[in-house]
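These notes are about the structure you will find just below.
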Amino acid sequence: MADLLLWAAVIVLALTAAGLLRLLRGPGAADRIMAGQLFGTGGAAVLLLLGAGGAYAAIDVALTLALLSAFVSLTFAVYAGRAGTRQALGRGEE
Amino acid sequence: MMAGLVLDGLLALLVLAVAAWTIGVCQTFAATVGFTVYGLLLAVVWMRLAAPDAALTEAAIGALTGVLLLRAAIQLAPSEAGLNRLRPALKLRLLAGTLAFAITATLAAVVFHLPEPAPTLVPQVTAQQASTGLGNAVTAVLLAFRAIDTLLEAVVLIFALVAVWSLAPDAAWGGIPGAQIKGGSGDVRAYLSRLLPPVGIVIAFYIFWVGADFPGGKFQAGTLLAAMGLLATMAGLIQPPPVASRGLRWALVLGTLVFLALGLAGMPLAGAFLAYPEGWAKPLILLIEAASMLSIGVTLGLLVIGYPAGQAEQ
Amino acid sequence: MSLLIDAWTVLAVFSGVFFFLAGTVGLLRFPDALTRLHALTKADNLGLGLIVFGLLPQAVDVWMALKLIVIWLLVLIAGAVVSQRVARVARAQESGQ
Amino acid sequence: MTSITLFGLCAAVLIGLGVYGLIVNPQPLRKILAFNLIGSGVFLFFGMIARRGAASGLGGDPVPQALVITGIVVAFSATALAVALLLRLDAAGGPSGLDDAVDGES
């Protein structure tokens, strides 16, 4: 059973890694924040699967992660939304 | 066990990919997002290394560092935009690359030549752990066997905050730390900033309480409190107290004072500095943890908010 | 009985993983930021929700089950609020270009 | 090739990446970010050593793990101080690029 959950964790991590492409290519800040959010959710899912598989402390880590990824994603979205940011970052874009 | 190795391999590759990308990408905002993702992945790596306390700390501190770097990136964006397109000379990059490769190769060699009967302090810790009454070995090390490190670490945090505050321009000294944040916008963001902090505080106290016997503890709980405070502050719902306020300064040093007082009390009562009288270890440790959790939370939050900039500059 | 529980866990967890797959494919393949956002938040929250439901019977005590539910609710609420802000950034980004 | 060695090598490469980023990146804020990579690489190295010392029911040796926790928090406060210095330098209109050699070539 634990091994099966571990394989599920491997698949979820692989899928989250695919989300990395969007992080790398994402034309705009919005796409990058979304990729960050996907990592937050995916990371929490991987930790839950590890936690149920035996390392019970992983559930607490997932709890902290879920709480803080909300905080970080919101802060990134707010700052990316500010007029000054887009204009300043627009110039910096490759 | 195969699944474990595949998971670890994928994790290591992912961590390195995100780290390399964070170094390579031109745009600072993207690098900050990459660094936050890197912190998340590192928390999972710490779980795979059977260090749940470190995973909790990494997840919490990673979030604070991400926000800290983002705020700095936004403020420095105009002046640093010009530097974005500057590609350092090829010569410099080659030299840096060889140095980095040399460091990595040496460390890799060390990894392969570690002493075979791996040195460990587990027997000593487990032997003495019963006297502290704590189930969590890491908390026992942090607050009983190596209490002096934790005490000095709390002092280092206060020094860091004093140093950050001392950067304030003279006109703004004693004022409200951080840039003046306009009033809470009534939109969805204020909704979450009102909803999360109570939940976060309950989770922080849970993480603190569970830290005695299971992974958790005051550092992780303090960081969560700091994150919730920041969330409310950045939404403009609360304002950090001015630097000059007495209450704030007491809150900052409370944890260290309690730690120091109990440590000194240990000398007459238990024969040595930072020693706990027989049977009293757990309650005293929990008292110290409670006090330093609040102090660490306030200190870390104010470290992110930064020095009082006053109206002139922002 | 425990076989039934394990079967339920496997079924729920792997359907949750399937929704993660859908979410990630949506994030990569959809043309613009707003559609990607739609795919991301819907699929991920559902994926995590199914994984949580799959793991509930495996919980050793009621506290663990409670934590699983709290984690899922946190991700749901965060997803809802943050996607609003990200949509605003995405729209501004579209109009900006 | 156990997963412990794997993470040890991962830590070594992280430290190398951090050093490279620290030297090459012209922006001071990115240098701070690279410095954080070096820090987390070193802590990961500690974690690998701790994992090797696992015995009698403990997943890892608690002493290096305790050092890592203290280290992560202190590294954060050092980063906060470095960022504050940078912001104050910027606010006072100081030069944003620290390294003239990079600017010199243009």
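Side notes on the structure shown:
- Considering only residues in segment B:147-172 that are at pLDDT below 85 and surrounded by fewer than 18 Cβ atoms within 10 Å (Cβ to Cβ), the one that is nearest to residue B:53 (Cα to Cα) turns out to be B:169.
- Candidates in segment C:26-66 are the residues that are free of Cβ contacts under 8 Å to residues at least 12 places away in the same chain and more than 26 Å from residue C:6 (Cβ to Cβ); of these, the one that is surrounded by the fewest Cβ atoms within 10 Å (Cβ to Cβ) is C:31.
- Residue that is farthest from residue D:17 (Cα to Cα) [pool: residues in segment B:5-58 that are facing chain D (nearest Cβ under 7 Å) and surrounded by fewer than 19 Cβ atoms within 10 Å (Cβ to Cβ)]: B:5
Residue-wise test of (1) within 30 Å of residue B:290 (Cα to Cα); (2) in contact with a helix residue (DSSP H, G or I) (Cβ under 8 Å, 6 or more places away or on another chain); (3) loosely packed, with under 12 Cβ neighbours inside 10 Å; (4) aliphatic (A, V, I, L, M).
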site: B:93; (1), (2), (3), (4): no, yes, no, no
site: B:97; (1), (2), (3), (4): no, yes, no, no
site: B:112; (1), (2), (3), (4): no, yes, yes, no
site: B:116; (1), (2), (3), (4): no, no, yes, no
site: B:119; (1), (2), (3), (4): no, no, yes, no
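- Of the criteria (1) touching a helix residue (DSSP H, G or I) at 6+ places or on another chain (Cβ under 8 Å); (2) modelled with pLDDT of 90 or more, which one residue C:34 fails: (2)
- Residue match in segment D:13-32 (condition: within 7 Å of chain B (Cβ to nearest Cβ), assigned to a helix (DSSP H, G or I), among the polar types (S, T, N, Q) and over 17 Å from residue B:104 (Cβ atoms)): no
- Residues (over 16 Å from residue B:12 (Cα atoms) and buried (at least 23 other Cβ atoms within 10 Å of the Cβ)) located in segment A:7-16: A:8
- Consider segment A:17-31 and keep the residues that are of a type outside the set (A, V, I, L, M) and touching a Leu at 6+ places or on another chain (Cβ under 6 Å). The one that is surrounded by the fewest Cβ atoms within 10 Å (Cβ to Cβ) is A:22.
- Comparison of A:84, A:19 shows that the only residue that is more than 7 Å from every other protein chain (Cβ to nearest Cβ), in a helix (DSSP H, G or I) and modelled with pLDDT under 90 is A:84.
- When residues of segment A:1-16 are limited to those that are among the small types (Gly, Ala, Ser) and touching a Gly at 6+ places or on another chain (Cβ under 9 Å), the one modelled with the lowest pLDDT: A:2
- Residue within segment B:246-265 that is surrounded by fewer than 21 Cβ atoms within 10 Å (Cβ to Cβ), at pLDDT below 85 and in the same structural domain as residue B:145 (by TED's automatic domain parsing) present: no
- Matching residues, segment A:28-57, being at the interface with chain B (Cβ under 7 Å from one of its Cβ atoms) and either in contact (Cβ under 8 Å) with a residue 60 or more places away in the chain or among the hydroxyl-bearing types (Ser, Thr, Tyr) (or both): A:29
- Total residues in segment B:5-47, condition more than 24 Å from the chain's Cα centre (by Cα) and touching a residue at least 24 places away in the same chain (Cβ under 8 Å): 4
- Scanning segment D:33-57 for residues being at the interface with chain B (Cβ under 7 Å from one of its Cβ atoms) and either assigned to a loop (DSSP other than H, G, I, E, B) or over 30 Å from residue B:125 (Cα atoms) (or both) gives a total of 7.
- Restricting segment B:121-140 to residues that are touching a residue at least 24 places away in the same chain (Cβ under 8 Å) and not in a helix (DSSP H, G or I), the residue that is surrounded by the fewest Cβ atoms within 10 Å (Cβ to Cβ) is B:135.
- Here residue B:276 meets each of (1) in contact (Cβ under 8 Å) with a residue 24 or more places away in the chain; (2) among the hydroxyl-bearing types (Ser, Thr, Tyr); (3) assigned to a helix (DSSP H, G or I) with one exception, condition (3).
The values are calculated or read from the model by the stated rules, or taken from the named source; none is laboratory data. Only a predicted model underlies this, so the values are computations on that prediction, with no experimental measurement involved. Virtual Cβ from ideal backbone geometry, glycine too; neighbours counted across all protein chains shown.
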